[in-house]
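Colleague: Please see the structure below; I have some questions.
The values are calculated or read from the model by the stated rules, or taken from the named source; none is laboratory data. Because the structure is predicted, anything quoted here is derived from the model rather than measured. A quick note on method: Cβ atoms are made from the backbone with ideal geometry, for glycine too, and the neighbour counts reach across all protein chains shown.
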Amino acid sequence: MKLTVTLLAAALAAALPAASRAQAASVYYFDHDYRISFDLSQVIEEVTSSTSGIKLSSAATSITYTNGAKFVIDGPEDLTSEELARTTSYALEGEVEVVEGGHSLVLMPQDLLDTLAPVIEEAMSAYFSVERVPARLLAGTSPSGINFRALHIPSKTEKRLWEPTLEMRHYARSGDRNLLFTGLSVPLGLNGLSRKLVESAADKQAGTLLSLGLGGVMTGQVLMAGMERTLGYLTGAGTDIAALDPNDLHNFWQWSREGALKLPAGSPELICSNAVVSDPELAKLIKPYALRRIGGATVAFISLVPSNASALADLDGSGIRVNDPKDEKALYALIDDLRGRLKAKAVVAVSFLRRDELGWLLGARGIDVLIGPKTWDLESGRKSRVELMKWGKEAHTGPALTVFPDSRGSGVVRLEFGARSALSAVESLPPPEDGREPLYYREQLYMKERIVRHFLGSGDTLLPDRRGRAVQDGGPSYGVPDFFNLSANLLRKGFKAEVSVLKVKAFSSSMLGDVPTAMTKTWLGPDKPVKLVLAPGRFINELRGRRVPDRAAGAYYTPQTYTGKDYYALSGIDDAGRIGGLPIDNGELYLTALPAELAEGKPFLRPAEAPAGAPATLHAAVTGELARLRAAAPSRQAWEDAIGLAIENKPEPRDLWRINLRSLSLRTDNTEVHGRSDYASADSRLGAVNQTRMEGSMRLFSEYYSGRFRFDSGLSADYGKTVLRPRGQPRLTTESVDQLILESQVVYRMKSYNGLLGPLVIGPYGSAAYDTEFSRTEPQPLRKVLRASAGMKLYEGAALQELYAGLTTENIYTYTPARTKYAAEAGFRVYTPIPRTALILSADGNYRNFARSRFDTVYDLKDRLEVNVKLSTRLYKDIMLSPYLNYFLATGKKLPGSASNLTTGLSLEYSRLFKIKR
């Protein structure tokens, strides 16, 4: 009877229409992530440092090897993974216990286990469990006779071959005893592709092979694989679709610039749904979605990258714009198009989003399966199945299934379709295993070796381990702001520039012990040519607003704070925002060293000649200066002190000498009328008086800054003359202005001031001047005045360049006998750009109130006020067009009332600052 029922059910199933039968489609996915982390490093430091009787002295990181269960803990440098793979000779040295937690192990002195293991377990209880695991110390001998020591963990599974990992050693002392804590990391990822997974994905009617990224930074900057090799690897596995992460987008842009956009035959479709590609060549390759007909239904694939991806992957100027993935209108329009016009029965989304944006995506409608970020768990073997009852008929928000890949980075998403291809169930499964060596397993071992060597190099070190000496917040010795401030400082010194600028590329890697050259270069990012330019102050002020923030003392440090943001490290600018002790002038040019890419598309940055022997690239500049600092240090402590000082990035005091042509202006015109005088009534221009008019002005000063003193010496000259030549009448000459002043001034920088007027310097000043004129005014003799003054001055502000008050004495040699006058004096000088315009306002003024004397005459003034106002706009380089107003007011001691002179006009001006000693 049971057999009859079974046969009847089978017959009924065969008789049902094809559309009503349940069908399944499988999405096989894999990633390219690789990770070596030491989860117990920080707690080892904390525990040993806080344990009485134990003093942590130093730490070091080195490359070692593991096969999953055995870890080399002592061996020569010429021991390779190939040699280890052939080794079968091991001798037992002894039984030990190790502390295991997260993805790392710690071998410590066995007599300290009972004391320290519970403390470590308690410290890490909020993150993961820590346990003591039996282990064995082995003495190994390779076929070539190389002796080494290994730690064997019997509870772990051995892999086919050995691969590189990291060994972290903490050296400590307890009384006269030396202690060693050896930490070992379990490497995760890049273990090849399950052959069964690849073979199952080869049935394109039932499944598709999806790549989560293309390797990003590892492919583009570490392995430098190139487009053809990168996609060839995917093509060889039969990959159908590749979702691109931000660094993949950068790689494609780089390949496009190099002319290397060459797709191998059978390459996967490349998708990034919120990237808008304007470059025509890249637009042919990168699409917003992909469609596959699998399991009898159309399945759509989309991919989303973070809204800050442009900054995250340095895509400025790439022709790739990244839209906000939380833009509901754009996302829902895409999903509606996929489900409506393109008849997709399921939508699979790949997310590379940050945590805050991923949370929003978990509530977005229209997505059936979401593949999220990697969890890096090693042993979970996650499986989930969701039965969907009327999924397509009900309104719902959020995906039916969210998949978080484990450390293997691969797995299967199974989609089941019911009547009318409606989605009826979704399931996530680990990758199928069949005992065979994974595809690309050996190739990826070679990649791992290159990756580890890229970060640690050959072991030469450039940065000392400052752990416990300069870091108070429990973070790494070199955080993001520390390292980039250090690098900007060294770049400036290497180019003998006034300022240097680096764009911050946040890194998450850190290490114990001295930092090798390879890691230093990795933190700097891809090597770039460096240029020396003359940059206007407005450019530097703009970057100052995006200066990388320092680590807050005592606060928790995370590199994520700096990730994906446009931050810059600048050197040569002090805490008050000054260069060389002077406020940054928007119009002044500063000798600036920066990566060449920051100067692209900025014609206002004028190229300058680099000094002889200057490095050509960023890596050479920074590593060269670091090597110089190490070679110059007589001791380890001196080396650490020198690096600590460089990290502070404080510009060193220096003398400055500048020749400042503050202004040079000239205005002249000549009018000549020829012909009969009868024509004067025909046109006023024919009745004009023959005349020549000329006006000129110059301010030329030498400015020298040394320590707290500033010395100014210069010349101020103003002259205006009009010559009238009426027909048949004597020539008439008048002067509108005639003044020539030679002056010198010394100012002492007594104190810095930062108040309502912004940052200023206050201090006493003393000056001496000789005031005369080019020609005397009939019937008066030539003016000859010696003037001395002293007082207090606020100066060197961003807008208010000086504000002073003091006492003045004048020795007048215009008349015989000479006379002396005394006055109280005040004055100001302002120079500031007008916001949101191309105009610059400059003004200066001086007021003197003279004391009375029994020798006063009608030529002596009681009050004297002079104000000059000018509004300038730049015509070409240093040539300005300037409407101006000059006002002079005087009251006499003997004469009643007052007299004034108001002059307005428009002039062409030239100004130039010559920096003799920067």
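Colleague: Within the stretch 219-264, which residues are outside any helix (DSSP H, G or I) and in contact with an Asp or Glu (Cβ under 8 Å, 6 or more places away or on another chain)?
Modeller: If the condition is that a residue be outside any helix (DSSP H, G or I) and in contact with an Asp or Glu (Cβ under 8 Å, 6 or more places away or on another chain), then Asp240, Ile241, Ala242, Ala260, Leu261, Lys262, Pro264 are the ones that fit.
Colleague: Ok, one more. Checking the condition touching a residue at least 60 places away in the same chain (Cβ under 8 Å), surrounded by 15 or more Cβ atoms within 10 Å (Cβ to Cβ) and within 41 Å of the chain's Cα centre (by Cα), which residue from Leu107, Leu112 passes?
Modeller: Leu107
Colleague: Only one of Tyr887, Tyr876 is under 54 Å from the mean Cα position of the chain (by Cα), modelled with pLDDT under 90 and surrounded by fewer than 16 Cβ atoms within 10 Å (Cβ to Cβ); which?
Modeller: From the options Tyr887, Tyr876, the qualifying one is Tyr876.
Colleague: Further question: Hey, Ile302 hits all of (1) surrounded by fewer than 22 Cβ atoms within 10 Å (Cβ to Cβ); (2) in contact (Cβ under 8 Å) with a residue 40 or more places away in the chain; (3) among the β-branched types (Val, Ile, Thr) but one; which does it fall short on?
Modeller: Answer for Ile302: the failing condition is (1).
Colleague: Which residues, counting only those in the stretch 161-218, are of a type in the set (Gly, Ala, Ser), touching a strand residue (DSSP E or B) at 6+ places or on another chain (Cβ under 6 Å) and assigned to a strand (DSSP E or B)?
Modeller: Correct list: Ala172, Gly183, Ser185, Gly189, Gly207, Ser211.
Colleague: Step by step: first the residues of the stretch 712-730, then only those that are among the hydrophobic types (A, V, I, L, M, F, W, C) and modelled with pLDDT of 90 or more, then the one that is surrounded by the fewest Cβ atoms within 10 Å (Cβ to Cβ). Which residue is that?
Modeller: Leu715
Colleague: So which residues in the stretch 807-832 are over 17 Å from Ser789 (Cβ atoms) and touching a Lys or Arg at 6+ places or on another chain (Cβ under 8 Å), if there are any at all?
Modeller: Tyr813, Thr814
Colleague: Just a yes or no: is a residue in the stretch 406-413 without any contact (Cβ under 8 Å) to a residue 40 or more places away in the chain and within 41 Å of the chain's Cα centre (by Cα)?
Modeller: yes
Colleague: Hey, among the residues in the stretch 732-778 that are of a type in the set (D, E, K, R) and touching a strand residue (DSSP E or B) at 6+ places or on another chain (Cβ under 7 Å), which one's surrounded by the most Cβ atoms within 10 Å (Cβ to Cβ)?
Modeller: Glu773
Colleague: A follow-up question, please. Say we look at the stretch 316-339 and pick out the residues that are among the small types (Gly, Ala, Ser) and surrounded by 13 or more Cβ atoms within 10 Å (Cβ to Cβ); which of these is nearest to Pro595 (Cα to Cα)?
Modeller: For the stretch 316-339, the residue satisfying everything is Ser318.
Colleague: Then there's this: Here are some residues: Glu228, Glu269. Which one is within 29 Å of Asp324 (Cα to Cα), surrounded by fewer than 23 Cβ atoms within 10 Å (Cβ to Cβ) and either in the same structural domain as Thr520 (by TED's automatic domain parsing) or not aliphatic (A, V, I, L, M) (or both)?
Modeller: Result: Glu269 is the single residue among Glu228, Glu269 that is within 29 Å of Asp324 (Cα to Cα), surrounded by fewer than 23 Cβ atoms within 10 Å (Cβ to Cβ) and either in the same structural domain as Thr520 (by TED's automatic domain parsing) or not aliphatic (A, V, I, L, M) (or both).
Colleague: Scan the stretch 571-588 residue by residue and report those that are over 20 Å from Arg710 (Cα atoms) and crowded, with 22+ Cβ neighbours inside 10 Å.
Modeller: The answer is Ser571, and nothing else.
Colleague: So Ile579 ticks every box in (1) touching a helix residue (DSSP H, G or I) at 6+ places or on another chain (Cβ under 7 Å); (2) under 25 Å from Arg658 (Cα atoms); (3) not aromatic (Phe, Trp, Tyr) but one. Which box is left unticked?
Modeller: Of (1) touching a helix residue (DSSP H, G or I) at 6+ places or on another chain (Cβ under 7 Å); (2) under 25 Å from Arg658 (Cα atoms); (3) not aromatic (Phe, Trp, Tyr), only one is false for Ile579: (1).
Colleague: Among the residues of the stretch 33-56, how many are touching a strand residue (DSSP E or B) at 6+ places or on another chain (Cβ under 9 Å) and assigned to a helix (DSSP H, G or I)?
Modeller: Here the count works out to 6.
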